[in-house]
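This report concerns only the one structure given below.
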Amino acid sequence: MNVILTAVAVLCVIGAVSSAILYIISQRFKTIEDPRIELVQEALPAANCGGCGFPGCNGFASAIVKSDTMDGFYCPVGGQTTMDNIARILGRTADVSIKKIAVVRCNGTCENRPRTNIYDGASNCTIAAALYGGDTGCSFGCLGLGDCVDSCLFDAIHINPETMLPEVVEDKCTACGACVKACPKNLIELRKQGPKSRRIYVSCMNKDKGGVARKSCEVACIGCSKCQQVCPFDAITIENNLAYIDDDKCRLCRKCVPVCPTNSILELNFPPRKEPKEETAKAEA
């Protein structure tokens, strides 16, 4: 019995000493978290989408509190209101950020880009893209299997059952960039939302030469450079047989849209164009 009691006593002493040592070490090396981190995190929308470039809202809060400036920090979900609130917490000034929205740079609907074969594999764009070019003649176009839809935490993108192309719900899109990362074809881009949500962009990513691109899709960009020639703001470049409109330079004049021979340039949320007087007179006659 004495042996058992002695063993228990020794274990108790060892436990007490170990606890004391651990306590001393924890006090010696403990780190005190800045209380502002919790305040900033509470001001964030708690989406944890990673659209800010940090691993969740806590990572964003920790980084912005430890930084001396707010430059380069932006919460796409909370937007400017959230950034202004964070600025007040930190006693800083938040730069005004331009709201962006996701656009799908493919207009290859079933009518414009007929199917040439049937894919019977896993319903996943990443897997399908690794196996083959697609079920149409365009190897650059949308596969329509919905990786972008699955990646969106805000129900802001859906596959249109008629066109088999993803469509963005503007009111729900937060420009978090999840769909951009999910698309293996790099068809989704974040662009400026524009005044009154008006945007102009080339809805094509086909880099084949003109004849080949047009054969596979009726609305493919053929790199003819007509849009580039009429742009007064030097906003359009042609590279790898493909036109691209820089939304930092574009002034939404729409001169490029009517000259495109394949209608690959889309103009969203603009009022209807006025018909020339000559054409209107002929129609009335």
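Quick note: the coordinates plus some simple rules give every number you see, no bench work behind them. None of the values given here were measured: they were computed from a predicted structure. All Cβ positions, glycine included, derive from the backbone under ideal geometry; neighbour counts span all protein chains shown.
What is the set of long-range amide H partners of Tyr201 at a cut-off below 5 Å, with H atoms built 1.01 Å from backbone N?
Leu266
For every helix of n ≥ 4 consecutive DSSP H residues, a contribution of -39,500 (n - 2.57) applies; sum these over the chain, divide by its total residues, and give [θ] at 222 nm rounded to the nearest 500 deg cm²/dmol.
-10000 deg cm²/dmol
Along region 166-171, what does the Karplus equation 6.51 cos²θ - 1.76 cosθ + 1.60 (θ = phi - 60°) give for ³J(HN,Hα), rounded to whole Hz, x for Gly and Pro?
x, 10, 8, 8, 4, 5
Could you compute the net charge surrounding Ala63? Neighbours are other residues with a C-beta less than 15 Å from the C-beta of Ala63; K and R count +1, D and E count -1.
-2
Just name one of Gly59, Ala7, Gly137: the one whose Cα is farthest towards the positive end of the charge dipole of the chain (beta-carbon charges, Lys/Arg +1, Asp/Glu -1).
So the residue we want is Gly137.
Based only on other Cβ atoms within 10 Å, what is the fewest-to-most ordering of Asp135, Asp71, Asp208, Asp120?
Asp120, Asp71, Asp135, Asp208
Mind checking region 67-171 for chymotrypsin sites (Phe, Trp or Tyr not before Pro) that DSSP puts in a loop (not H, G, I, E or B) and that have at most 13 other Cβ atoms within 10 Å?
The qualifying sites are Tyr132.
Among Val96, Thr163, Val40, flag the residue with its Cα farthest along the positive direction of the charge dipole of the chain, charges on Cβ as +1 for Lys/Arg and -1 for Asp/Glu.
Value: Val96.
Going by average Cβ density within 10 Å per residue, which order do the peptides 35-45, 219-229 take, highest to lowest?
219-229, 35-45
Of Arg113, Arg254, Arg199, how do they rank once you tally other Cβ atoms within 10 Å and put the fewest first?
Arg254, Arg199, Arg113
If amide hydrogens are placed 1.01 Å from N in the peptide plane, which non-local residues have theirs closer than 5 Å to the one on Thr136?
Thr116
Could the peptides 96-102, 7-13 be put in order, highest first, of the mean number of other beta-carbon atoms found within 10 Å of their residues?
Output ranking for 96-102, 7-13: 96-102, 7-13.
Hey, what's the per residue convex hull volume over the C-alpha atoms of region 35-90, in cubic angstrom?
Dividing the Cα hull volume of region 35-90 by its residue count gives 66 Å³.
I'd like to know which of Val219, Ile245, Val259 lies farthest towards the positive end of the charge dipole of region 219-259, counting +1 on Cβ of Lys and Arg and -1 on Cβ of Asp and Glu.
Toward the positive end, the furthest listed residue is Val259.
Using a cut-off of under 12 Å, list every residue of region 199-219 whose amide N is near the label point 7 Å from the Cα of Asn263 along the Cα-to-beta-carbon line.
218-219
Please report the net charge: other residues with Cβ closer than 13 Å to the Cβ of Arg36, K and R +1, D and E -1.
With Lys, Arg at +1 and Asp, Glu at -1, the net is -1.
Could you line up Leu131, Leu143, Leu165 from fewest to most neighbouring Cβ atoms inside 10 Å?
Exposure proxy ranking, most exposed first: Leu131, Leu165, Leu143.
Using 0.36 nm times the number of residues separating Thr81 and Val169, minus their current alpha carbon distance, what extension gain do you get?
Extra length available between Thr81 and Val169 comes to 29.6 nm.
At a Förster radius of 30 Å, what calculated FRET efficiency corresponds to the Cβ-Cβ distance of Ala46 and Asn186, to the nearest 0.05?
0.55
Compute the label zone of Asn124 within region 131-160: residues whose backbone N is under 12 Å from the point 7 Å along Cα-to-Cβ.
Label zone hits: 131, 147.
Beyond 36 Å, how much of the Cα-Cα pair distribution for the chain remains, as a whole percent?
Counting every Cα pair in the chain, those more than 36 Å apart make up 38 percent.
With a cut-off of 8 Å between alpha carbons and a minimum separation of six or more residues, what is the relative contact order of the chain in percent?
This gives 14 percent for the chain.
Which log10 I(q)/I(0) values does region 32-175 give at q = 0.12, 0.16, 0.18 Å⁻¹ under the Debye formula, counting every alpha carbon as one identical point scatterer?
-0.63, -0.85, -0.96
Given the C-alpha centroids of region 142-163 and region 175-190, what is the distance between them in whole angstrom?
Taking the Cα centre of region 175-190 as reference, the centre of region 142-163 is 11 Å away.
Per-residue HN-Hα couplings for region 187-198, Karplus 6.51 cos²θ - 1.76 cosθ + 1.60 at θ = phi - 60°, whole Hz, x for Gly and Pro?
Per residue, the Karplus-derived 3J(HN,Hα) values read 8, 9, 9, 8, 10, 4, 5, x, x, 6, 6, 9 Hz.
When the Debye formula is applied to the Cα atoms of region 191-276, each taken as the same point scatterer, what base-10 log of I(q)/I(0) results at q = 0.17, 0.24, 0.25 Å⁻¹?
Those come out to -0.67, -1.20, -1.27, one per q.
Hey, got the dipole for the chain? About the Cα centre, +1 on K and R Cβ, -1 on D and E Cβ, debye to the nearest 20?
In total the dipole reaches around 600 debye.
For Lys100, list long-range residues whose amide hydrogen, built 1.01 Å from N in the peptide plane, is under 5 Å from its own amide hydrogen.
Residues meeting the amide H criterion: Gln193.
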